[in-house]
Structure formats: structure tokens, C-alpha cells
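Every number in this text was worked out from the coordinates using simple rules, so none of it is lab data. Quick caveat: nothing in here was measured; it's all calculated off a predicted structure. We place every Cβ from the backbone using ideal geometry, glycine too, and count neighbours over all the protein chains shown.
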Amino acid sequence: MKSYAARRAKLIARMRADGGGVAIIPTSHEVMRNSDADYPYRHDSYFYYLSGFTEPEAVIVLVAGETPQAILFCREKELEREIWDGFRYGPEGARSAFGFDAAFPISALDIEMPKLLADSPALYYGLGSDAKLDAQVQSWLGAVRRQARSGVSAPARLHDIHVLLNEMRLFKDADEMASMKRAAAISAEAHARAMRFSRPGLTEYQVEAELLHEFRRHGSDAPAYTSIVAAGTNACVLHYRAGSAVLKEGELVLIDAGCEFESYASDITRTYPANGTFSEPQRTLYEIVLASQTAAIAAVKPGNRFNDPHDAAVRVLVQGMLDTGLLDKNKLGSLDDAVANGDYRRFYMHRTSHWIGMDVHDVGDYREAGEAKSAPHEKPWRILRPGMALTVEPGIYVRPAPDVPEQYWNIGIRIEDDALVTESGCEIISSDAPKTVADIESTMRH
Ligand code: GLY
Ligand code: MN
Ligand code: MN
């Protein structure tokens, strides 16, 4: 059994450290897409983190008291439903397979929860994140309060369980790192496959199909987010999706795609020429973005702050923008002035990193709690520590404008990798996706 029981024990210990109580962690609801067809089901990340259990209609209850207990509520076995929808563990099967102390049918929640909450000092759950649960909690608390005259007390404190869980999830354990490495390796292979497949005349959706094929054939359940395959000028639309535009001779293709494997995301972007050879202006901007990513990756190390890779990337990008005339040297003066002035945001308008884990934009505070504020309303950026995982994804996006050299018009480039912070620096787990100009051009010749 992987780390699920250990994570539950750790969470219970943290709850006990601030007085103990009862925690409720539900999985996600099934959502209808249209008529009788559901959206593909995806369990809740917090729930899965603590259980490994993937059936819908399930709730974990953790009792952090004298005798700690991990309880699962889930669907009962039901032959008729299993004939239509497939196997269900049922409470007893799930209890033993997933290592819970006790399990009940999900239909028993309204009976069991008031008992579990009676005389508990605190209730922990994801405040305001599930309307159905909010209503259930209200009715359970009501049921406990109605027993007040018999001397039963209701929880006096309410905590957001996500605060504790976000902090735990920010630091990946060995099992999580293994899943993330596999997700990144599959996605890197998919990017290489898309490069080998691409040529002028194909459509964005045909290239997307290659990515999806590679994800799925390695056992990925789904893409971690909607794939972006952007030909030519579409690369300058940050949230473009794979559409039906045709890959054209002389244009670039930007792919931002990553699979989810064992519930862990990968998030990789590569940009390459449709015909396999960079033009001079494309190569010039590509080398700037690559150099900025190299500088950012060098800044991903323990002790540095979350924002250091971004600052390193921006300096290299801005120097490149000044050198190429995207930014006006005469107007902006020194590199420091140009960075401070912020005009570069016209060509680089997003941040360089985000946490990554079970969610592609993973949970975890980006600022340190409890440190002195460096400016009003501004807590210092988080210090990087081993076990954290983040993307490094600088880019340059050039829309046509009279003051911009025409040779760069409509070029959009992003290079994105996934980094695990180690004791001495970081490990790039997506590095099998071809990235240098030489590697991309040679991959595309084969
Ligand atoms: N693919 C989403 C992102 O890069 O943040
Ligand atoms: Mn990303
Ligand atoms: Mn991405």
C-alpha cells in the first residue's frame, strides 16, 4: 500500500497538534455533460491523496482524538449497478483494500456524522468549496446541537482542512515523484512524436491526435489539461486550444501538452518549425527564450525564493528584446531600467512558474507565512525546498505593430519543463522532449 495511510497519519498528527477534531474530505461529484452522458469522471485530488480510492460518491472522515481513526464512506456493492457500470469495492472491500479502520455505506453519512461530531472540539473541511457538503455539515451540526440538553457539545472551531493538506501536497514524497517522472517521460515522448509527425499541410488537430495516442498507449488516463497545439500566429493566443488551422511552411508550431499519470500532471511546452528548420528570426528569438529558461532553471534550488527563476528569466528575455529591437534601447536605457519599466510585458505577459503535482496548477502557498512583509500587503515569496515541484516556462509572443521589427511578427515561443527541487538544485523530469535547435531539427529529420 503506497503512502496513503502514512499521509492520513501525518494529517491526523497535524490536526492533533492544534487541538484535534474531525476532518471530512469528500471526493468529487459526477457531472453531466449532456443528456445521459457524463464528463469523464476525475476523483478529487485531496481525497485521492489520502486514499488512492477512485470511485465517486465517497467521503473520508478522520478522527484526530485519543484513538485516531480513518473511516471511509463509499457506495455499497450492488449487483444491478455493477452489471451496468462495473465493479464497486463496497465498504468492507474498500476498507481492507485501502487500509481504513472502518467503512460505512455512503447512505449512512447522515446517521454516523452527528455521532462522530458529538463532543469533538473542532471540525475540519474544505470550507466553501462544495455546496452540497456545506449543506450537509449544517444539518449534521444541527443534529449535534439538538442534543445539547443531554450534555453533548458541538465542535466549537471550524478549520479549512485544505490549509493543512495544501502544505503537505506542496512537498512530494517518493511515490508522488515516481508518478510525476513517469507522467513527464510519457509527455516528453509525445512531444518528440508530434515533432517527427509534423509537416506543412497537416492540421493542429491531427498533431493533437498524435499526442493523445502517445499518452493513452502508455496508460495515461487523460491529458492533465486541454492540449494547446497552435500553428503560426495562434501561438500568440496564450490559452489557444488545438483547432483546425493548417501548419504552414515557414511558421512555428507551439505545443503545450502533458498527460496525467496515476493522477499526477505533467506540463510541457515545445515550439518548433513546421518544416523542420528554424528561419533566422525564429532561431534568434528561440535562442533567447532557451537561454532565459536555462537561467531560470539554474535559479531553481533550495534556499532561493519562488520568484528567483522568474526574475532570472525576465533579465535574459529583456536583454534579448533590447538586442533584437523588440524593445527600444534608446528609450529604455540600461537592462535594469528596462526590467523595472515593465514594457517587456507586451511580449512576455505571464509568470515563469507554478507549482505542479496532482493538479497542473497545484496547491500550495506561493508566499511565506509569518515572515515580515517586504511591502504593504506583500509577504515574501516562498523559499524553495527539496520536494517541491514547479514548472519553468518563459516565452516571447510578438504581435504585429508598427514599432516592432517585421521579421518577428506573429512569432510565439514558449519552452516549458517540469522541475523537482532537490538537495542541491533541481531535476528536470521532462528533459527527454527535444529542446535545443540542433535536437529539434535532428528529431524532425527522422
Ligand atoms: N498548461 C498550463 C500551463 O502551462 O500553465
Ligand atoms: Mn505550466
Ligand atoms: Mn503548459
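If I take every Cα pair under 8 Å that is 6 or more residues apart in the chain, average their sequence separation and divide by the length, what percent do I get for the relative contact order? The value is 13 percent. Axis of helix 280-298 versus longest Cα principal axis of the chain: the two differ by about 40°, to the nearest ten degrees.
Kindly state, as a whole number, the per residue volume in cubic angstrom of the convex hull around the alpha carbon atoms of the range 95-215. Don't skip to the answer; put the middle values down first.
Values: hull volume 23.0 nm³, N = 121.
For the range 95-215, the hull spanned by Cα atoms encloses 190 Å³ per residue.
Take the Cα of A148, step 7 Å toward its Cβ, do the same at A340, and the gap between the two points is 6.1 nm.
For each of V207, V289, V31, count neighbouring Cβ atoms within 10 Å of the residue's Cβ, then give the residues from fewest to most. Please list the in-between numbers first.
Numbers: V207 25, V289 22, V31 11.
So the ranking, lowest neighbour count to highest, is V31, V289, V207.
Counting only the Cα atoms, the chain fills a convex hull of 176 Å³ per residue.
In the range 1-137, the DSSP beta bridges split such that about 70 percent are antiparallel, to the nearest 5. Convex hull volume per residue, computed on the Cα atoms of the range 280-428, equals 126 Å³.
For the range 216-348, the relative contact order works out to 16 percent when only alpha carbon pairs closer than 8 Å and six or more residues apart are counted.
Summing +1 for each Lys or Arg and -1 for each Asp or Glu among the other residues whose beta-carbon sits under 15 angstrom from that of V144 gives +2.
Report the residue, chosen from E416, E287, E204, that carries the largest GNM mean-square fluctuation when the chain is represented by alpha-carbon nodes joined by springs under 10 Å. Highest fluctuation of the listed residues: E287. List the residues whose amide H sits under 5 Å from the amide H of L327, counting only those 5 or more places along or on another chain, with H placed 1.01 Å from N in the peptide plane. Residues meeting the amide H criterion: L322.
When the expected Rg is taken as 2.2 N^0.38 Å, what fraction or multiple of it is the alpha-carbon Rg of the range 252-304?
1.47
The distance between label points at H213 and T436 comes to 3.0 nm (points 7 Å beyond Cα on the Cα→Cβ vector).
Please state the relative contact order of the range 126-280 as a whole percent: Cα pairs under 8 Å, 6+ residues apart?
On the way: 244 pairs, mean separation 33.6, N = 155.
After rounding, I find 22 percent.
Only helical runs count toward this figure. For the chain, summing -39,500 (n - 2.57) over DSSP H runs of n ≥ 4 and dividing by all residues gives -11500 deg cm²/dmol at 222 nm. Beyond 27 Å in Cα-Cα separation lie the following of the pairs K301/K379; K10/K77; K132/K181; K329/K435: K10/K77; K132/K181; K329/K435. Result for the chain in a Gaussian network model with C-alpha springs under 10 Å: among E251, E176, E82, the largest mean-square fluctuation is at E82. Using the alpha carbons alone, the radius of gyration of the range 11-140 stands to its Kirkwood radius in an Rg to Rh ratio of 0.98.
Contour minus end-to-end for A131 and A291, with contour as 0.36 nm per residue of separation and end-to-end as the Cα-Cα distance?
Numbers: separation 160, 0.36 × 160 = 57.60 nm, distance 4.65 nm.
The A131-A291 span can extend by a further 53.0 nm.
What does the charge count around R241 come to, taking other residues whose C-beta lies under 13 Å from its C-beta (Lys +1, Arg +1, Asp -1, Glu -1)? Its environment carries a net charge of -3.
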